[in-house]
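The values are calculated or read from the model by the stated rules, or taken from the named source; none is laboratory data. Here the structure is a predicted model, which means the values were calculated and not measured. Heads up, the Cβs are rebuilt from the backbone with ideal geometry, glycines too, and the neighbour counts pull from every protein chain shown. Remember, those area values only see protein heavy atoms, side chains included, never the ligands or the DNA or RNA. Shrake-Rupley method; radii C 1.70, N 1.55, O 1.52, S 1.80 Å.
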Amino acid sequence: MTDLEAMQLALDQARLAAEAGEVPVGAVVMKDGVVIATGRNAPIDGHDPTAHAEINALRAAARVLGNYRLDGCELFVTLEPCTMCSGAMLHARLRRVVFGAPDAKTGAAGSVINVFANAHLNHQTEVQGGVLAEACAGVLQTFFQQRRALQRQAHIPLREDALRTPEACFSDAAQQYTDIDGWRMHYRDTGPATSTVLCLHSRTGSSLAFQPMAWALAAAGHRVLAPDLLGFGRSDKPKKEAVHHWDWHRQVLCTWLDRLGVDQVVLVLQGEGTPLLPAERIRALVRLGADTAPLDPAPFPDGGHRAALRAFAAKGWDPQEAFPGPTLHLDGPPSAEAAQAMGYLAP
């Protein structure tokens, strides 16, 4: 495997980190030309200040080799390593470190300091920078641009007939918001745009349930959209149950997809129920097992936030239309294994 190919794999890890709300840095470890471990930034998810992409990749490689010394190994990372990661690389006895974009603020491989150039250290690691530097920097720039846009979107005014769950109730990071007739709608958009998979949560859930499936499908080259329906998750919550008409939710969903330029999708439903989308917009339908997990109280801190729960649970809320196209039934919750089982439906 060439340096360019290895850095492309590190970029894939960086993009997955971005989808998880982490600063997009990815890394891979190679030995004898073969990738033996990968890692991506995860300090937010793990509440761990040491969980940089390089550290995660080093830990994974050490487990594979059964040794904390990684003699003969090479590490590829999309951003110039910091002092912590550089020190870990030296302790691991890496043969070579290759990075993409320089880091003018914390880079410890030449930008701010050069830990590797200290001749007094008992191990010398070869360092090379600038491999796919433009692409690596672009992933970071796009992430921070989107985060600034998200901060602006988060300030969509709250309608008088709506409630909004406080951000402190959530443990994960928000993804994207859009304004539909004054309602702030939250959604997750993961992966490239070669084909689109739309994931709709259960009558008590949220888009977060699909994150493991989304990462797996994105790694296979698919775009995964997972909204919080209005009344759920981070989306605005109408105060009155009467707002939650079936046709209204269908129109909101179609308006949102039109705005994203999406026509047909592979639709994934969690639990029973009729697809909200019109049949002509569904290329194939995947039904997952019902959501048996206990209700997460975070998005619904009090009775005022629970109008959608009551409306969706009412008998006869959905018209029970039959979908005439190809349908796949899978047991269990959204997962990477479920994504692999449905992969052929989203070429």
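Surface composition of the range 244-337: carbon plus sulfur atoms contribute 53% of the solvent-accessible area (1.4 Å probe, protein chains only, all chains present).
Taking amide H positions as modeled 1.01 Å from N, with prolines and chain starts lacking one, the residues under 5 Å from Arg184 and 5 or more places away or on another chain are Asp236.
The ellipsoid that matches the Cα gyration tensor of the range 207-347 has semi-axes, each √(5λ) in whole angstrom, of 25, 18, 15, with the longest given first. Only protein atoms count toward the accessible area here, which uses a 1.4 Å probe; on the range 99-228, the carbon and sulfur part of that area reaches 54 percent. Where a ≥ b ≥ c are the square roots of the eigenvalues of the C-alpha gyration tensor, would you call the chain rounded, which needs a/c under 1.5, or, failing that, prolate if a/b is larger than b/c, or oblate? Here the chain falls in the prolate category.
What does the net charge come to around Ala279 if you take all other residues with beta carbon closer than 12 Å to its beta carbon, with K and R at +1 and D and E at -1? With Lys, Arg at +1 and Asp, Glu at -1, the net is +1.
Span-like helix criteria (full DSSP H runs; alpha carbon extent of at least 20 Å along the helix axis; mean Kyte-Doolittle hydropathy of at least -0.5) are satisfied in the chain by 3-19, 133-153. Estimated from helices alone, the mean residue ellipticity of the chain at 222 nm is -9000 deg cm²/dmol (sum of -39500 (n - 2.57) over DSSP H runs with n ≥ 4, per residue). With both labels modelled 7 Å from their Cα along Cα-to-Cβ, the Arg159 to Gln145 distance reads 3.1 nm. Here's how it looks for Ala37: its modeled amide H is under 5 Å from those of Val29, which are all 5 or more places away or on a different chain. For the Cα trace of the range 242-295, dividing Rg by the Kirkwood Rh returns an Rg/Rh value of 1.01.
In this structure the chain gives 46 Å² per residue of accessible area when probed at 1.4 Å with all protein chains present. Annotation note: chymotrypsin sites (Phe, Trp or Tyr not before Pro) in the range 81-144 located in DSSP loop regions with a Cβ neighbour count of at most 11 within 10 Å are absent.
Per-residue 3J(HN,Hα) values for the range 235-240, derived from phi via the Karplus relation 6.51 cos²θ - 1.76 cosθ + 1.60 with θ = phi - 60°, read 6, 4, 10, x, 6, 9 Hz in sequence order (x marks Gly and Pro). The DSSP beta bridges internal to the range 56-206 are antiparallel in roughly 45% of cases. Dipole magnitude for the chain: about 320 debye, using +1 per Lys or Arg Cβ and -1 per Asp or Glu Cβ, origin at the Cα centre. Comparing Cα centroids, the range 268-340 and the range 120-173 end up 30 angstrom apart. Taking 7 Å steps out from each Cα toward its Cβ at Ala119 and Thr2 produces label points 3.5 nm apart. DSSP assigns beta bridges within the chain; of those with both partners inside it, close to 50 percent run antiparallel.
Quick check on the range 192-267: take the gyration tensor over C-alpha atoms, sort the square-rooted eigenvalues as a ≥ b ≥ c, and tell me if it's rounded (a/c under 1.5), prolate or oblate.
Values: a/c = 2.86, a/b = 1.59, b/c = 1.79.
Oblate, because a/c is 1.5 or more while a/b does not exceed b/c.
From the square roots a ≥ b ≥ c of the eigenvalues of the alpha-carbon gyration tensor of the range 1-100, which class results: rounded (a/c under 1.5), prolate (a/b over b/c), or oblate? Since a/c reaches 1.5 but b/c is at least a/b, the shape of the range 1-100 is classed as oblate.
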